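Engineer: Provided herewith is a single structure, encoded as structure tokens, for subsequent inquiry.
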Amino acid sequence: MRVDLVGGTLDLEPINLILPNVVTLNVATSLKAKVLLQTTDSDTIVIKSLDYDKNYSFHKNDLTDHNLYYSDTFKEMSFVLQIISLFGISSGLEVELSSGAPAGSGLGGSSAMGMTLFKALSKLQNKEIITHEAVQKVKGIEGRILNQGVPGYQDYYPAMLGGVLCLRGAPGEIEYEQLFSKDLKFFLEDHITLVYSGISRNSGINNWDVYKGFFDKVPKIRKGLSEIAQISFEAYSNIKEKKWDTLIDLIGQEGELRKQLAAGIVPESINETYHELQKKNLVLG
């Protein structure tokens, strides 16, 4: 799982190629998706979901292209089954899954699960794992299932690479730079606390509103994303130069700009909690 630092929404193509100096920074957490695979001699794929506390069994005859890609036959297991189908597997497999984070928590749990499953299946078949190719395939499947516009790419890389990442868009690829250092690790751990509110976020709809507004040339959104890009690049430069003290201020500034992009980016109940913490001097701003 990952936590955004700065530059979220800038990971939507081709916004990442239109604005100058676009970077997205995020940090991998200790919350991990887990996948256990076991081959069998059966005509089925069996999936045990620890998150849903359910077992699923799918016969190979039911795993048709129509059922997999163009219907809701498999409901919450569509994402898993479509990734499995990339490897030509339609039977003889048992899969145990644990996402490591609550659904809707905004930590990229489904993306991390998809990447972890892709990595496990690649190892099962002794296939080389090429990071960009794996991201493009899993992101494509998730985008098809979510059906809410263009999905961003930042959620997928922490599951592959860990650490503290700087992601940059380039034509036909995503460049990534590992920024992790022990000094940065200790600084972030001392200054950032991850809190789960229990409130689900529909980030796909929020991203689509911003994406559409950007290409409709809505001035507020164009200006907001341009300012976020500037702050994000400054945050990247500060990390490179080990200017830790200004980094937290920049993260706070980016968050305030993000709130102005679209209604619902921050749920009202979260805003109320934030203001209460402000009064107690427990948060920035």
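Engineer: Report yes if some residue within the range 107-126 is open to solvent by less than 80 Å² (accessible area, probe 1.4 Å), out of contact with any Gly (no Cβ under 7 Å at 6 or more places or on another chain), within 19 Å of LEU31 (Cα to Cα) and not in a helix (DSSP H, G or I); otherwise report no.
Structural biologist: yes
Engineer: For the range 79-92, enumerate the residues that are surrounded by 20 or more Cβ atoms within 10 Å (Cβ to Cβ) and farther than 20 Å from TYR156 by Cα.
Structural biologist: Passing the criteria: ILE89, SER90.
Engineer: Using the structure shown, decide if LYS139 is within 12 Å of the chain's Cα centre (by Cα) and among the basic types (Lys, Arg).
Structural biologist: Details: within 12 Å of the chain's Cα centre (by Cα): yes; among the basic types (Lys, Arg): yes.
Here the answer is yes, as LYS139 does meet what is asked.
Engineer: Now, a different point. Under the condition of being assigned to a loop (DSSP other than H, G, I, E, B) and touching a helix residue (DSSP H, G or I) at 6+ places or on another chain (Cβ under 6 Å), which residue from the range 22-54 is farthest from GLU234 (Cα to Cα)? Explain how you work it out, then say what you get.
Structural biologist: Filtering the range 22-54 down to residues assigned to a loop (DSSP other than H, G, I, E, B) leaves 22-23, 29-33, 40-43, 50-53.
Subset that is touching a helix residue (DSSP H, G or I) at 6+ places or on another chain (Cβ under 6 Å): 22-23, 33, 43.
Values: VAL22: 10, VAL23: 10, ALA33: 31, ASP43: 55 Å.
Filtering the range 22-54 for residues that are assigned to a loop (DSSP other than H, G, I, E, B) and touching a helix residue (DSSP H, G or I) at 6+ places or on another chain (Cβ under 6 Å), the one farthest from GLU234 (Cα to Cα) comes out as ASP43.
Engineer: If a residue must be touching a residue at least 60 places away in the same chain (Cβ under 8 Å) and open to solvent by 30 Å² or more (accessible area, probe 1.4 Å), how many such residues does the range 152-180 contain?
Structural biologist: Here the count works out to 4.
Engineer: Any chance you could count how many residues in the range 55-78 are buried (at least 16 other Cβ atoms within 10 Å of the Cβ) and assigned to a strand (DSSP E or B)?
Structural biologist: 2
Engineer: Another question, if that's okay. Is it the case that ALA112 is at pLDDT 95 or above and within 21 Å of the chain's Cα centre (by Cα)?
Structural biologist: no
Engineer: Kindly provide the set of residues from the range 192-214 that are more than 18 Å from the chain's Cα centre (by Cα), modelled with pLDDT under 90 and open to solvent by 90 Å² or more (accessible area, probe 1.4 Å), ordered by number.
Structural biologist: Matches in the range 192-214: THR193 only.
Engineer: How many residues does the range 1-31 contain that are touching a residue at least 12 places away in the same chain (Cβ under 8 Å), out of contact with any Lys or Arg (no Cβ under 6 Å at 6 or more places or on another chain), closer than 18 Å to GLY162 by Cα and not β-branched (Val, Ile, Thr)?
Structural biologist: 9
Engineer: If PHE87 satisfies every condition in (1) assigned to a loop (DSSP other than H, G, I, E, B); (2) within 30 Å of LEU5 (Cα to Cα) but one, which is the exception?
Structural biologist: That leaves (2) as the condition not met.
Engineer: Quick one: in the range 41-54, which of the residues that are open to solvent by 40 Å² or more (accessible area, probe 1.4 Å) and not charged (D, E, K, R) is modelled with the lowest pLDDT?
Structural biologist: Of everything passing the filter in the range 41-54, TYR52 is modelled with the lowest pLDDT.
The values are calculated or read from the model by the stated rules, or taken from the named source; none is laboratory data. What you are looking at is a predicted structure, and each value in this text was computed from that prediction instead of being measured. Backbone-built Cβ (ideal geometry, glycine too); neighbour counts: all protein chains shown. Accessible surface is based on the protein model in full, side chains and every heavy atom, while ligands, DNA and RNA are left aside. Shrake-Rupley method; radii C 1.70, N 1.55, O 1.52, S 1.80 Å.
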